[in-house]
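Have a look at the structure below before the remarks.
The values are calculated or read from the model by the stated rules, or taken from the named source; none is laboratory data. Just so it is clear, the model here is predicted, and its values are computed rather than measured. FYI the Cβ positions are ideal-geometry reconstructions off the backbone, even for glycines, and counts take in every protein chain you see. For accessibility, only protein heavy atoms count, side chains too; no ligands or nucleic acids. Shrake-Rupley method; radii C 1.70, N 1.55, O 1.52, S 1.80 Å.
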Amino acid sequence: MQPTLLILAAGMASRYGSLKQIQEFGPSGETIIDYSIYDAISAGFGKIVFIIRENFAADFKEIFEPKLKGRVAVDYVYQEMDAFVGDHAVPADRTKPWGTAHAILCAKNAINEPFAVINADDFYGTDSFVKMAAFLNNDCKPDVYSVVGYELGKTVSEHGSVSRGVCAVNTAGNLSAINERTKIYPENGQIVYEEADGSKHPLSADTPVSMNFWGFHPSVFELSQDLFNEFLDKNLSNPKSEFFIPIVADEFIRRDKGVVKVLPTSAKWFGVTYKEDAPGVQASLSALVANGEYPDNLWK
């Protein structure tokens, strides 16, 4: 059974200021998602599942269905505020989605096979999809998940601070902890992260970080449901609280349910955290096309 690619595209894009998931960046009008799907199909993924909000479903389908018809199976799942909340009443002042791990949970009824999860607005590179497909086909089990580990220096933005999941990796190559650093930026020739109190700490450029490219067995849905219930019990009244994928990964490890393999890659990540990042993304894609790594029209 071929693995599935789950694309997280239900976010509100608050910092970018527009629906960046469907903005055109490639030389023939391709979105960043197009490149991820192209790489996934080439690596052997058999199905694409989009996590979106129902209010922009029509835009997504109009853009992607003509391109993907006959190439790969496609499904759509909606991340809505009242999904999988059980007996919890959603507060009236809650406006943002519950977070990336909740998005995965919303795909529970659409996925029955090993699957990968990516962000819609991140370019991950061919090498990452090849390594993830190999993991999902050969090594993924109820007690073995994975995450692609990028080199921090290849993921920072020149236009502001970024949030990264800094990975601690043990001698077996498995994740021992993941720490979300919410303010990472280059300064005076090095990379630092800043704490809430303003203190700064250096990070090596080759530090492995998560860019939300995960590999899961369907067993993750049961764990996610249990953890989401616990999360709501504690955080329901906080309108800014979010249930993130690293929460699930950390608890999976902490509760001795299994291991998370870190799949190292030298691929350069790029994305559009800020509007100022867009020209760089376009230039990077143009360079990859010029080097022959992608055709100038992905779906021709």
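Worth a mention:
- The peptide list 247-258, 289-300, put in order of mean Cβ contacts within 10 Å with the highest first, becomes 247-258, 289-300.
- Per-residue 3J(HN,Hα) values for the range 184-201, derived from phi via the Karplus relation 6.51 cos²θ - 1.76 cosθ + 1.60 with θ = phi - 60°, read 10, 7, x, 8, 6, x, 9, 9, 10, 10, 10, 7, 4, 7, x, 5, 10, 9 Hz in sequence order (x marks Gly and Pro).
- Cross-link pairs beyond the 23 Å C-alpha cut-off, checked among Lys141/Lys240; Lys69/Lys131; Lys47/Lys108; Lys234/Lys261; Lys96/Lys141: Lys141/Lys240; Lys69/Lys131; Lys234/Lys261; Lys96/Lys141
- Per-residue accessible area (protein heavy atoms, 1.4 Å probe) orders Thr100, Thr182 as Thr182, Thr100, starting from the largest.
- Efficiency of FRET from Cβ geometry, Ala278 and Glu62, R₀ 22 Å, rounded to 0.05: 0.50
- Modelled label positions at Met1 and Ser28, each set 7 Å beyond Cα in the direction of Cβ, lie 3.3 nm from each other.
- Positive end of the dipole of the range 202-300 (Cβ unit charges, origin at the Cα centre): among Ala267, Leu227, Leu203, the Cα lying farthest that way belongs to Ala267.
- For the options Phe231, Phe221, Phe123, a Gaussian network treatment of the chain with springs between C-alpha atoms closer than 10 Å singles out Phe231 as fluctuating the most.
- Packing, as the average of other Cβ atoms within 10 Å across residues, places the peptides 271-278, 79-86 in the order 271-278, 79-86, highest first.
- When DSSP beta bridges are restricted to pairs lying wholly in the range 144-300, around 80% turn out antiparallel.
- Computing Cα extents along the principal axes in Å directly from the structure and comparing it against (1) 51, 48, 41; (2) 95, 73, 37; (3) 68, 45, 39 singles out (1).
- Surface analysis of the range 25-145 yields an accessible area of 39 Å² per residue, using protein heavy atoms and a 1.4 Å probe.
- HN-Hα J in Hz across the range 273-285 - Karplus 6.51, -1.76, 1.60, θ = phi - 60°, x for Gly and Pro: 5, 10, 4, 5, 6, 4, x, x, 5, 4, 5, 5, 5
- Cα convex hull of the range 157-240, projected area averaged across orientations, nm²: 8.2 nm²
- Euclidean distance of C-alpha centroids, the range 91-109 and the range 249-300, integer Å: 23 Å
- By the helix-only formula, in which each DSSP H run with n ≥ 4 contributes -39500 (n - 2.57) and the sum is divided by residues, the chain has a 222 nm mean residue ellipticity of -8500 deg cm²/dmol.
- Dimensionless Rg over Rh [the range 1-159; C-alpha; Kirkwood]: 0.96
- Amide H contacts of Phe270 (H built 1.01 Å from N, in plane; Pro and chain starts excluded): Phe123 sit under 5 Å, all sequence-distant by 5 or more or on other chains.
- Note, ³J(HN,Hα) from phi for the range 232-242, Karplus 6.51, -1.76, 1.60, rounded to Hz, x at Gly and Pro: 5, 4, 9, 10, 4, 7, 8, x, 9, 5, 9
- Using only the C-alpha atoms, the convex hull of the range 175-297 corresponds to 197 Å³ per residue.
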